[in-house]
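Quick note: the coordinates plus some simple rules give every number you see, no bench work behind them. Here the structure is a predicted model, which means the values were calculated and not measured. Cβ sites come from the backbone with ideal geometry, for glycine too, and all protein chains shown count toward neighbours.
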Amino acid sequence: MKSTDGQWQTVLKSRTTFLQKYGLQPINSVLVHLNYSGGDFTRYITVDQSSRGDGIVRKSSMIADGIATQQKDLVLFLPLADCAGLILYDSTNNTLMLSHLGRHNIEQYSGIKSVEYLIEQFNCDPKNITAWLSPAAGQKNYPLHHFNNRGIHETIITQLQKVGIQNSNITASQEDTTTSEKYFSHSEFLKGNRQTDGRFAVAACMSTDQ
């Protein structure tokens, strides 16, 4: 899966193929569509049935660093390359959120603000929220200078704990995208260590079968 780079039809096909591979319907999916212009990297939006297919079967109509929903069978979809995808799930009131956490987002405390969005919009209790972190660039090759050179996962976990997520409810992937050949790495591509500048993806959904 590649970054758009203006190649909309190619990207659309890649996203469709990825979703269908895992039994997910593109028409029932919504893209977390990022935009790095401006200075706000903690923009969150609530999506529902009316958002179906946005950014997947048609071009994105929204810009967000994270999207949240209480809609069952609606797939939240986020392409990544070194940055972390954060899934937040509150099973007590059936609320799901998928956020993009790269350096810009993390420096604006997006781990905390993603949880605060769920508290403010859905009355979620942090103690009831489970968090998952996708593969991301490791500390050795991608230290966060703003946070004393700590790694992406370590910094996000600290933010989640500060906002009340219990440590036992946080799971972080052990995969380092800068060293694992299973994942694309934008930073390693820029260094000349990878031939392809692609994307992997995270998809999250609450099923009616649960």
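Descriptive notes on the structure:
- Residues located in the range 74-120, provided they are in contact with a Gly (Cβ under 8 Å, 6 or more places away or on another chain), part of a strand (DSSP E or B) and not small (Gly, Ala, Ser): Phe77, Leu78, Leu86, Met97, Leu98, His100, Leu101
- Residue list for the range 59-79, restricted to those being in contact (Cβ under 8 Å) with a residue 40 or more places away in the chain, surrounded by fewer than 18 Cβ atoms within 10 Å (Cβ to Cβ) and either touching a Ser or Thr at 6+ places or on another chain (Cβ under 8 Å) or not basic (Lys, Arg) (or both): Gln70, Lys72, Asp73
- Taken together, Ile56, Ile112 contain a single residue that is closer than 28 Å to Asp176 by Cβ, in contact (Cβ under 8 Å) with a residue 12 or more places away in the chain and of a type in the set (Val, Ile, Thr), which is Ile112.
- Checking each residue in the range 64-115 for being over 20 Å from Ala172 (Cβ atoms) and of a type in the set (Asp, Glu) picks out only Asp73.
- Enumeration of residues in the range 9-53 that are over 23 Å from Ser114 (Cβ atoms), touching a residue at least 40 places away in the same chain (Cβ under 8 Å) and surrounded by fewer than 11 Cβ atoms within 10 Å (Cβ to Cβ): Tyr22
- Test: residue in the range 127-134 that is on the phi < 0 side of the Ramachandran plot and among the aromatic types (Phe, Trp, Tyr): yes
- Any pair with Cβ under 8 angstrom, 6 or more apart, that starts in the range 153-166 at a residue that is on the phi > 0 side of the Ramachandran plot and ends at one that is in a helix (DSSP H, G or I): Gly164/Val115; Gly164/Pro126; Gly164/Lys127
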